[in-house]
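Data block below; observations after.
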Amino acid sequence: MSEEIFKLIIAGCTDTGLRRNHNEDHIGFNQELGIAVLADGMGGHQAGEIASHMAVESVLENLQSVVDGENPRPITGSQLLEYVSNTISYSNSMIYQASEALEEHKGMGTTLVAAIVKGSQIYAGHVGDSRLYLYREESLKRITKDHSLVQDLVDRGFYTEEEARMASVGHIVTRALGTKAEVEVDTIQHDIASGDLLLLCSDGLSDMVADWLIEETLRERKNQLDETANKLVELANSNGGKDNVSVILIHVREVSA
C-alpha cells in the first residue's frame, strides 16, 4: 500500500433529536490513523444503544490494531477491505450473542458504516442505511447504497430516488448487525484527493436533510469541520428531528512539503 500522503482532520457529533428520549446512535474516530465508525442502534429497552456502542467500540479497536503498524508485513488494499469486512462480521457475532443471552436485549441490532483512509484510498464497509458520502469539487456523491426496503423498491424501478424520499413506505432496514448469526457486509474502495470531504451519517440526517442542502452546507463551511457537523445536526432538527442524528466529517488535506 502507498505511504500516507495526506493530512486528515476529523470532526463528529451526535444528537438525540427532537422526538426521541435517548440517543441510540454512537460514533468513534481516530484522526491520527484515519479511521471513523458510526452506528445507529435499534431495539427496545435501550438495547439499540447497547448494540451501537458495542459495534463502534469493537470495530474501531480492531481497525486501529491493523492500521497502526503492529502488523510487520505490508497490507494490500484487498487485504484491508477483507479485514474491514471480517471486523464488522465479528462485531455482528458479538452483538447477536449478547442479544440471545438476555431477554431484554433480544432483537437488538444496529446499522454501521466504517471507513479507513490509507494512502490515496478510502476503504469502507457498511451494513444498513447509515451512509458514506464524498464531497469533491463542490459536488456531493453518495458512495454507499442503503440496505433498506425503500432502496430495494428504487432498485426495482418502483420509485425514483426523489419519489422514494416522499413515499409513505415504512422505514425498514433489510440488513443490520446483531439481528442474525451472520450478516453480509458491503465493502468499497475509492480514491481520494486533496480537498475531498468525506461524510459519514445516520439516517437521522439523510432522512431529514436533502442531499442538495447537505451539499450546499458543505460548500459554505467546508474548512470549519466542527461548525459544519453541528450545522448539519441543526438542519436535521430544524426539519423535524424525528430521529437521533449523527455526523462524522473527514477533511483530506495535502501535506505541505
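State whether the stretch 74-180 is rounded, prolate or oblate according to the following rule on the C-alpha gyration tensor (a ≥ b ≥ c being the square roots of its eigenvalues): a/c under 1.5 gives rounded; otherwise a/b larger than b/c gives prolate, and the remaining case gives oblate. Verdict is oblate for the stretch 74-180.
Once you have the Kirkwood Rh of the stretch 170-257 from its Cα pairs, apply Stokes-Einstein at 10 °C and 1.306 mPa s and quote D in µm²/s. Rounded to a whole number, D works out at 106 µm²/s. Select from D226, D68, D203 the residue whose mean-square fluctuation is largest in a Gaussian network model of the chain (Cα-Cα springs shorter than 10 Å). Between D226, D68, D203, it is D68 that shows the largest mean-square fluctuation.
Student exercise: in the stretch 85-193, how many lysine pairs 8 or more apart or on different chains have Cα atoms under 29 Å apart? All intermediate terms of the calculation are to be shown ahead of the outcome.
Values: K106/K145; K106/K180; K118/K141; K118/K145; K145/K180.
Close lysine pairs found across the stretch 85-193: 5.
Close amide-amide hydrogen proximity is noted between K118 and Y123, each under 5 Å apart and 5 or more residues distant or on a separate chain (H modeled in the peptide plane; Pro and chain starts excluded). Annotation: lysines with alpha-carbon distance below 18 angstrom to K231 (same-chain offsets under eight excluded): K222, K242.
Once you have a ≥ b ≥ c as the square roots of the Cα gyration tensor eigenvalues for the chain, tell me rounded if a/c is under 1.5, and otherwise prolate or oblate according to whether a/b is larger than b/c. Oblate is the answer for the chain, as a/c is 1.5 or above yet b/c matches or exceeds a/b.
Trypsin sites (Lys or Arg not before Pro) within the stretch 113-210: which are DSSP loop residues with at most 15 other Cβ atoms inside 10 Å? List each step's numbers first, then the result.
Numbers: sites: K118, R131, R136, K141, R142, K145, R156, R165, R175, K180; in loops: K145, R156, R175, K180.
Filter output for the stretch 113-210: K145, R156, K180.
Residue by residue, the stretch 183-197 carries 3J(HN,Hα) couplings of 9, 8, 9, 8, 10, 9, 10, 9, 6, 10, 9, 4, x, 5, 10 Hz when phi is fed to the Karplus relation 6.51 cos²θ - 1.76 cosθ + 1.60 (θ = phi - 60°); x denotes Gly or Pro. Take every Cα pair under 8 Å whose residues are at least 6 apart in sequence, average their separation, divide by the length of the chain, and the relative contact order is 28 percent. Couplings 3J(HN,Hα) for the stretch 18-35, derived from phi with the Karplus relation 6.51 cos²θ - 1.76 cosθ + 1.60 (θ = phi - 60°), are 9, 10, 9, 9, 7, 9, 9, 7, 8, 10, x, 7, 10, 5, 4, 9, x, 10 Hz, where x marks Gly and Pro.
Every read-out reported here was derived from the displayed coordinates using simple, explicitly stated rules and does not represent laboratory data. This structure is a prediction, so every number in the text was calculated from the model and none was measured. Here Cβ is always computed from backbone atoms with ideal geometry, including for glycine, and neighbour counts include all displayed protein chains.
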